[in-house]
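One structure is given below, encoded as structure tokens.
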Ligand code: 8YV
């Protein structure tokens with residue numbers, strides 16, 4: 001007799017190809033209108049499901065996890081970051097958590113480079129000027145920004161994405177510096193000609209551009225605090241394609257307003273989808289709606305990873321992308 005298919009709840013609309021394959025393999029509940037689910041709806045979902053597929057827009061907190069029914073065994077996150085999932089509560093309930101590493105590395109690094117170029121070269125400001133009809137032609141002093149070639153880039157978090165950023169930035173003539181919990185292997189440092197800073201304070205004070213590429217964990221919350229931001233050079237730029245919570249957003253907005261920093265490129269925000277209104281008023285920032293991994297290729301690859309994680313798990317094996325609390 002065929003076994004019944006596992007019940008899978010997917011909290012947001014995923015690419016068609018992924019949803020179709022999910023429907024073939026599992027007994028799936030889709031989110032047809034794609035609206036983010038409320039805490040009540042999430043609690044309801046975990047009561048009856050075997051597997052939950054959330055995204056960054058869902059808060060899978062202790063309250064939601066406490067409602068999990070006896071069959072709820074796997075949270076297969078569609079995304080890399082798992083800071084929206086209470087991992088300790090999941091572990092206590094015997095629920096495995098997986099994510100989708102590796103498949104959005106290049107795209108997120110590309111977006112980081114786009115911001116590293118866009119902010120000092122005033123790309124969106126120039127575009128706004130042109131569209132406003134206020135551009136009256138070329139002038140020797142018009143729209144001058146700053147050169148990237150020859151500048152120092154300080155990468156916070158030298159994992160997959162940090163290293164991919166470093167590789168790209170080198171092609172633009174930047175010298176690579178980094179801070180990480182652990183020093184990367186000598187071969188990687190040699191390839192990237194990267195300088196390691198054990199002290200983040202020491203590094204931030206010396207860089208022309210800082211790029212945040214570490215995950216948001218309790219240890220990295222407000223890693224760039226008001227105090228640390230003040231150590232940066234007033235001519236320096238800050239780029240964040242990781243998580244808004246790593247930077248004290250209020251302190252950053254204050255410093256940008258006061259021109260104590262030259263500019264910022266932000267793809268992520270502390271209270272998404274809300275954006276600090278002070279940032280919206282500033283010309284020296286480029287603001288993007290969390291689109292680092294937003295290529296159709298990455299989103300399909302992420303979906304494939306979710307499928308593989310679920311399939312492996314329900315077949316009784318350890319899923320390839322299991323998230324272990326002490327590793328994040
Ligand atoms: C994802 C991201 O698209 O993977 C991540 O951690 O930040 C995004 O690029 C999003 O999280 C989907 O859940």
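Brief remarks on what is shown
- Where residue 324 falls short, out of the listed (1) more than 13 Å from the ligand (Cβ to nearest atom); (2) closer than 18 Å to residue 241 by Cβ; (3) under 19 Å from the mean Cα position of the chain (by Cα): (2)
- Residues of the range 41-69 satisfying the condition of being part of a loop (DSSP other than H, G, I, E, B) and more than 22 Å from residue 273 (Cβ to Cβ): 49, 50, 67, 68, 69
- Check on residue 301, within 28 Å of residue 153 (Cβ to Cβ) and not assigned by TED's automatic domain parsing to the domain that holds residue 242: yes
- Condition check for residue 147: surrounded by fewer than 22 Cβ atoms within 10 Å (Cβ to Cβ), under 18 Å from residue 120 (Cβ atoms) and within 22 Å of the chain's Cα centre (by Cα): no
- Tally of residues being assigned to a loop (DSSP other than H, G, I, E, B), in contact with a helix residue (DSSP H, G or I) (Cβ under 6 Å, 6 or more places away or on another chain) and buried (at least 24 other Cβ atoms within 10 Å of the Cβ) across the range 236-253: 1
- Of note, residue 222 satisfies the criterion of being under 17 Å from residue 269 (Cβ atoms) and assigned to a loop (DSSP other than H, G, I, E, B).
- Matching residues, the range 70-100, being in a loop (DSSP other than H, G, I, E, B), more than 11 Å from the ligand (Cβ to nearest atom) and without any contact (Cβ under 8 Å) to a residue 40 or more places away in the chain: 70, 72, 86, 93, 94, 95
- Contact map, the range 42-56: residues that are outside the structural domain of residue 72 (by TED's automatic domain parsing) paired with residues that are assigned to a loop (DSSP other than H, G, I, E, B) and surrounded by fewer than 22 Cβ atoms within 10 Å (Cβ to Cβ), Cβ distance under 6 Å, separation 6+ or inter-chain. No pairs are found.
- Single unsatisfied condition, residue 129 versus (1) farther than 22 Å from residue 62 by Cα; (2) within 16 Å of the ligand (Cβ to nearest atom): (2)
- Among (1) in the same structural domain as residue 206 (by TED's automatic domain parsing); (2) touching a helix residue (DSSP H, G or I) at 6+ places or on another chain (Cβ under 6 Å) - the single one residue 114 does not satisfy: (2)
- Taking the criterion of being within 14 Å of the ligand (Cβ to nearest atom) and touching a helix residue (DSSP H, G or I) at 6+ places or on another chain (Cβ under 9 Å), the residues of the range 43-65 that qualify are 52, 53, 54, 58, 59, 60.
- The residues in the range 274-321 that are in contact (Cβ under 8 Å) with a residue 12 or more places away in the chain, in a helix (DSSP H, G or I) and either within 12 Å of the ligand (Cβ to nearest atom) or within 20 Å of residue 53 (Cα to Cα) (or both) can be counted, and the count is 18.
- Test result for residue 105, under 20 Å from residue 307 (Cα atoms) and either within 16 Å of the ligand (Cβ to nearest atom) or modelled with pLDDT of 95 or more (or both): yes
- Residue tally, condition part of a strand (DSSP E or B) and either touching a helix residue (DSSP H, G or I) at 6+ places or on another chain (Cβ under 9 Å) or not assigned by TED's automatic domain parsing to the domain that holds residue 177 (or both), over the range 136-162: 4
- Take the conditions (1) within 26 Å of residue 241 (Cβ to Cβ); (2) surrounded by 15 or more Cβ atoms within 10 Å (Cβ to Cβ); residue 8 misses just one of them, which is (1).
The values are calculated or read from the model by the stated rules, or taken from the named source; none is laboratory data. Remember, predicted model here, so these are calculated numbers, not experimental data. No Cβ is skipped: glycine too gets one built from the backbone with ideal geometry, and neighbour counts run over all protein chains shown.
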